[in-house]
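Participant: The structure under discussion is supplied below as structure tokens; questions concerning it will follow.
Taken together, the values in this text are just the output of simple stated rules run on the coordinates, not laboratory data. Keep in mind that this is a model prediction, so the values were computed, not measured. Cβ sites come from the backbone with ideal geometry, for glycine too, and all protein chains shown count toward neighbours.
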Amino acid sequence: MTFRLTRRTMLAGAAASLAAPRLAFAAPIEIEAHYAMPAVYKDVKETIARAFMAANPDVRVAWRQPAASYDEATQLVLREAVTGRQPDLTFQGLNRLRVVAERGLAVDLAPLLKAEGDPAKAGYTPELLGLGQAGGIQAGLAFATSNPIVFINADLFRRAGLDPDRKLTTWDEHIEASKRISALGGGVHGSYYRWQGDWIYSALLFGFGGAMMDAAEREIGFAGPEGRASLSVLDRLVKEGGMPALSGEAGAQAFAAGKVGMYYWSTAFLRQAMNSLGQNFRLATWEFPLGDKARGRLPTGGAAGMILAKDPAKQQAAYRFLRYATGPEGCATMVKGTGYVPVNQIAADDPRFLGDFYRDNPLFMTGVRQMPIMVPWYAFPGANGVRITSVITDNVSRVVEQKAPVDTALADMAREVTRLLPRA
Amino acid sequence: MNPGSQMPGSHDRSLAADLPRLALLSVLGLLFLMPYIWMVSVSLKPLDEVWRASMSLIPETFAIERNYGRVFREVPIGRYLLNGAIVCFGILVFQLAFALPAGYAMAKLNFRGRETLFAFVMLGLLIPAHVPAIPLYIAFAQTGILNTYAALIAPSTISVFAIFMFRQFFRAMPDELIHAARMDGLGEWSIVWRIIVPNAWPAATAFAIFSVVAHWNDLFWPLIAVSGKGELATPALGVIYFRTEEAGDDFGALMAAATITTIPLVAAFLLAQRRFIEGITMTGLKG
Amino acid sequence: MSDVALPASLATAPAKERAGHGEALAAWLLTLPAIVAFVLMLLIPTLAVVAIAFTDYELGAPALRYVGLANFAELMEDRGFVTSFRNTAFFVAVTTPVSIVGGLMLALLIEGGTRGRAFFRAVFFLPVVSLMVAMATAFQYMFHPTIGPVNAALRALGIVGPNWLGSSDSVMWTLAIIGVWEQVGFNMVLFLAGLTAISRDLYAAAEVDGVRSAWSRFWTVTWPLLGPTSLFVLTITMIRSLRVFDIVATLTQGGPNKASEVLLYTMYTEGFTFFRMGYSAAITVVFLLAVVVLMLLQTRVLDRRVHYG
């Protein structure tokens, strides 16, 4: 091939040789990123990272060995902070942002976002941003979210003479339906509410318009009428609806085996549910019933990306990756790969990103329809913040096991939690 | 029921007379193996067959490619098994190196402080594994050996169980052997090297089984010590990869991973069985 | 000769008086590597933890404060801790005797003939090599009250099975059953070795003395000679039971409502899940004190009984 040595090419060559040394020295910045639940997220994260690196060759994203659960991810970050080895970017469960932020480990993303203009224009509505706020700063950006829904065994509904596509929206109706399905016998349970854990309990509480603590975070807020109503629902589901007191996994297994009519759990389970049911029975999904239609809200599960790097160059690089991962393209990849609820309004609204996906997978729309009422997953303040959630679970289980009446359990819960709160 | 092996008449028993014993063992054996049988059965099934209300062990559709394939595709399980082998072997070597001489000294040599030392050994048996973890983690981080094989191996190099066992073993060994060696002018170190170690071989095999089983399945410490990109991950980490609470486990792949990581242990036990029983026999647990 | 603390004067052969210094020096040199490893990997970290028990250290916190006995005071009032203690004691009390007797029975059965020994040894040892994280799902299924095979079998017999793992009344029993499942194989192997060491001549001699039935053979020859083995097995089994953790962590997470909470699990969750390292360290200290006392009692009581040189 002949190369014409024209003036133009000579000039181009000179310019290139001047630029070359600079390019050669611009080695990519490497950031270490960490997340939990590889069985769910690995493909999605790596796909997003590859797309990002293709468009941004000056940044390299290296993935650390992922943790098995959100709690272990938090433990890892805290442990490694002791020795200064924490990852540059970490995806933490939404209820653990507070613990990490209050240790002073997270970078405030608010100034970084503001520098780019109005975040809402990029798809970050105030509600979505709120999910990542903790410890007084914008500690993270939500990456994948989930909310509670009802999984319906359509076949059992039909057998009990009910219509699975006519969505029931009040708890009274749900309890009634549960009773009718339990009456089928043969080991069938009308419903199973996977009550273990504070997240799913707050689905009831927030649904009635309640809150875990008051706005000033001084007094507990779950001991009032909303809290009482929440525990009563569980009590009635067991007493009247025939709900069994199973462990979380046992309940999921029973549902997969076609023995449970209504299963109350996170949208995160939807993908797995569809895979494990196959043709065993027809699955439907309903929105979660709200105790108070006007004030009711739902807690948000899932994870948010937090930047822990101390080096400014790494912070910048990590920020750019996080913005891509939570931006429209990253969000669309995430939803298609995991079935979680979108965290970017543009991705949710603009049919170009997820239109096909939702058309082909209508069951996932249930979670999306609940987006407007999603509120943060509450984290209690103080050194005992995490421990409090186990106190709540313990007392709720007393009601489910019918070992204590609602008022006793509620009073004990209030007393024990108050004792564990920081003395103001 | 006949106690003791080679009981008079027991080794020539006809099959008919042996039947009750074999039947009982088979029934018990089946009960014991049930979880394993189910585990392997699930590892062969597609996800929608696992939780059918009617239980059947043989899958309708074989999902071997799907489950085992997923394990091999998503997790570098071969690498993890190799790491497991390296770590367990490394741990075993050091455990033997430290415990053999110590066991011998505490069994055969007379010195002040021997009983105190043994009391410490017993104390060591009681310390749970989680206790030294965080301080060790910090110390390893400071000395920069985190995320290396050394970090995985070091904390387990001291096995008080081994010292206990070898002490028992050497107590049962006849003193004449050692007296004779001393008469020949051998120093203590040569005695250990030339006489003790070769004779300790059966007991060492026995201990090796317990040690390998314990460390192959260890989840807790590797999670702490492997803090980088995970090239040093051990077999158990390959199994928990498939456990996710919120979204539901992929049971087929989980059981497949569990089967894959258990097979080497079973194979090792089968191979080492005879040596192993022989070894403990001579550990002088009889006195 | 397998007891724990034998006075030095009764140890081994009498002709050890000479070369006291040389021998002592050699002994110390031989034990030196083990001592160094013990101090570095076990002793110092444990002492560090004991020190932390007197502070308010939280994982990841930038600083810590000395709080004296505050953690221990809180421990005494903690209803969860008392439950934890009780559950652990229950677990040890149930699994120890059952897994020891079970191990012995299996060993006797296997050694009672020549057929299938290697096979059955492997079968019953298999639970020992299992990874509880994987087995947990199998047990969840086995003991599932509605779709599980255990209750299905009971139903066929007309019995309504309990909610094994889900009810606070039955959960500790279920965990004890699983604990026995895990431990029996280990003990069986130890007993097997003890049994194969019993010389045939002793049985022959016993027969000459008129001991004929299998049962009396067991009582007059086998059991006494198994004494030291049994003591070893007892010690090891008790310690392993006291340290129960995996089955609780993977199957019940201490629930429902702390019905299956055990000491090591409480210690772990307080420190690693709730990040309250100081409090967790206090639990560790109490745990260690309790087991040391237990071990001392056990050796003192049983030391005299079993001795067959």
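Participant: Counting only other chains, and only Cβ atoms inside 10 Å, what mean value do you get across the residues of A:66-79? Don't skip to the end; give the middle numbers.
Facilitator: Values: counts 3, 2, 11, 5, 3, 4, 4, 0, 5, 8, 3, 2, 6, 12.
The shielding value for this peptide is 5.
Participant: Can you give me the long-range amide H partners of residue A:69? Hydrogens built in the peptide plane at 1.01 Å from N, cutoff under 5 Å, separation of 5 or more residues or another chain.
Facilitator: Those qualifying (amide H under 5 Å, at least 5 residues apart or on another chain) are A:37.
Participant: Translational diffusion coefficient, Stokes-Einstein: compute it for chain A using the Kirkwood radius over C-alpha pairs as Rh, at 25 °C and 0.890 mPa s, and state it as an integer in µm² s⁻¹.
Facilitator: Numbers: Rh = 23.2 Å.
Reported coefficient: 106 µm²/s.
Participant: Between C:175, C:294, C:30, where does the largest GNM mean-square fluctuation fall for chain C, given springs only between Cα atoms within less than 10 Å?
Facilitator: Most flexible of the set in this elastic network: C:30.
Participant: What aspartates and glutamates could a cross-link reach from residue A:45, if we take a straight Cα to Cα line under 18 Å and drop same-chain neighbours fewer than 8 places away?
Facilitator: A:30, A:32, A:88, A:329, B:74, B:246
Participant: What translational diffusion coefficient, to the nearest whole µm²/s, does the stretch B:16-62 have by Stokes-Einstein, given a Kirkwood radius computed over alpha-carbon pairs, a temperature of 4 °C and 1.567 mPa s viscosity? Don't skip to the answer; put the middle values down first.
Facilitator: On the way: Rh = 12.4 Å.
D, rounded to a whole number, is 105 µm²/s.
Participant: Hey, fewest Cβ within 10 Å first, where do C:279, C:265 land in order? Show your work: numbers first, answer last.
Facilitator: Values: C:279 30, C:265 25.
With the sparsest Cβ surroundings first, the list reads C:265, C:279.
Participant: Let me ask something else. Name the most mobile residue of B:216, B:201, B:189, meaning the one with the largest mean-square fluctuation, in a Gaussian network model of chain B with Cα contacts below 10 Å.
Facilitator: Of B:216, B:201, B:189, the most mobile in the Gaussian network model is B:189.
Participant: Can you give the Rg to Rh ratio of chain C, both from alpha-carbon atoms, with Rh computed by the Kirkwood formula?
Facilitator: Numbers: Rg = 23.8 Å, Rh = 23.0 Å.
With Rg and the Kirkwood Rh in hand, the quotient comes to 1.04.
Participant: Hey, another quick one. Grab the eigenvalues of the alpha-carbon gyration tensor for the protein assembly as shown, scale each by 5, take roots, and send me the semi-axes largest first in whole angstrom. Intermediate results must be reported in sequence, preceding the final value.
Facilitator: On the way: eigenvalues 555, 265, 159 Å².
The three semi-axes for the protein assembly as shown are 53, 36, 28 Å.
Participant: From the backbone phi of the stretch A:47-53, what are the Karplus-calculated ³J(HN,Hα) couplings (6.51 cos²θ - 1.76 cosθ + 1.60, θ = phi - 60°) in whole Hz, Gly and Pro given as x?
Facilitator: Karplus-based 3J(HN,Hα) across the stretch A:47-53 equals 5, 4, 4, 4, 4, 5, 5 Hz.
Participant: Can you sort A:274, B:122 from fewest to most other Cβ atoms within 10 Å of each residue's own Cβ?
Facilitator: Details: A:274 16, B:122 19.
The order, fewest Cβ neighbours first, is A:274, B:122.
Participant: For residue A:29, list long-range residues whose amide hydrogen, built 1.01 Å from N in the peptide plane, is under 5 Å from its own amide hydrogen.
Facilitator: Amide H to amide H, under 5 Å and 5 or more residues apart or across chains, residue A:29 pairs with A:59, A:60.
Participant: Considering just Cα atoms, how many Å³ per residue does the convex hull of the stretch B:76-286 enclose? Don't skip to the end; give the middle numbers.
Facilitator: Numbers: hull volume 32.3 nm³, N = 211.
Cα convex hull per residue, to the nearest whole number: 153 Å³.
Participant: May I ask what percent, to the nearest 5, of DSSP beta bridges between residues of the protein assembly as shown are antiparallel? Spell out each step's value before the answer.
Facilitator: Numbers: 25 of 39 bridges.
Roughly 65 percent of the DSSP beta bridges within the protein assembly as shown come out antiparallel.
Participant: So what's the net charge close to residue A:277: Lys and Arg +1, Asp and Glu -1, counting the other residues with Cβ under 13 Å from its Cβ? Don't jump to the answer; show the numbers that get you there.
Facilitator: Numbers: positive: A:259, A:271, A:282, B:52; negative: A:155, B:48, B:49.
Spelling it out: positives minus negatives among the neighbours equals +1.
Participant: Need one value for C:242-251: mean number of C-beta atoms belonging to other chains within 10 Å of its residues' C-beta atoms.
Facilitator: Details: counts 2, 6, 0, 4, 3, 0, 0, 2, 3, 2.
Shielding by partners across C:242-251 averages 2.
Participant: Just to check I understand the Karplus step: with θ = phi - 60° and J = 6.51 cos²θ - 1.76 cosθ + 1.60, what whole-Hz values come out for the stretch B:96-101, glycine and proline as x?
Facilitator: 5, 4, 7, 7, 4, x
Participant: What's the magnitude of the charge dipole for the stretch B:76-286 around its Cα centre, counting Lys and Arg as +1 and Asp and Glu as -1 at the beta-carbon? Answer in Debye, nearest 20.
Facilitator: Values: 13 positive and 12 negative charges, 125 e Å.
My answer is approximately 600 debye.
Participant: Still on this structure: In percent, what relative contact order does chain C have, based on Cα pairs under 8 Å that are 6 or more apart in sequence?
Facilitator: Numbers: 333 pairs, mean separation 92.8, N = 309.
Relative contact order for chain C comes out at 30 percent.
Participant: Something else: For the protein assembly as shown, what does -39500 (n - 2.57) per DSSP helix run (n ≥ 4), summed and divided by total residues, give at 222 nm, in deg cm²/dmol to the nearest 500?
Facilitator: On the way: 45 runs with 587 residues, N = 1020.
Result for the protein assembly as shown: -18500 deg cm²/dmol, rounded to the nearest 500.
Participant: If N is the number of residues in the stretch A:144-212, what value comes out of its Cα radius of gyration divided by 2.2 N^0.38 Å? Before the final figure, lay out each step's value.
Facilitator: Numbers: Rg = 13.7 Å, N = 69, 2.2 N^0.38 = 11.0 Å.
The value comes to 1.24.
Participant: What ratio of Cα Rg to 2.2 N^0.38 Å holds for the stretch A:79-220?
Facilitator: On the way: Rg = 21.2 Å, N = 142, 2.2 N^0.38 = 14.5 Å.
Normalised by 2.2 N^0.38 Å, the Cα Rg of the stretch A:79-220 equals 1.47.
Participant: Using Cα pairs under 8 angstrom and six or more residues apart, how large is the relative contact order of chain B, in percent?
Facilitator: On the way: 271 pairs, mean separation 83.3, N = 287.
About 29 percent, as a whole number.
Participant: Build a GNM of chain A with springs between Cα atoms under 10 Å: which of A:378, A:41, A:193 gets the top mean-square fluctuation?
Facilitator: Maximum fluctuation in the GNM of chain A, among the listed residues, is at A:41.
Participant: Here's another thing I want to ask about it. With 10 angstrom as the radius, rank B:108, A:114 by how many other C-beta atoms surround their C-beta, starting from the fewest. Walk me through the intermediate numbers first.
Facilitator: Details: B:108 25, A:114 11.
Ascending number of Cβ neighbours within 10 Å: A:114, B:108.
Participant: May I ask which of A:114/A:310; A:167/B:45; A:314/A:336 have a Cα-Cα span longer than 32 Å here? Please report the intermediate quantities before stating the final value.
Facilitator: Values: A:114/A:310 20 Å; A:167/B:45 34 Å; A:314/A:336 29 Å.
Check vs 32 Å cut-off fails for A:167/B:45.
Participant: For residue A:134, list long-range residues whose amide hydrogen, built 1.01 Å from N in the peptide plane, is under 5 Å from its own amide hydrogen.
Facilitator: Counting only residues 5 or more places away or on other chains, the set is A:139, A:140.
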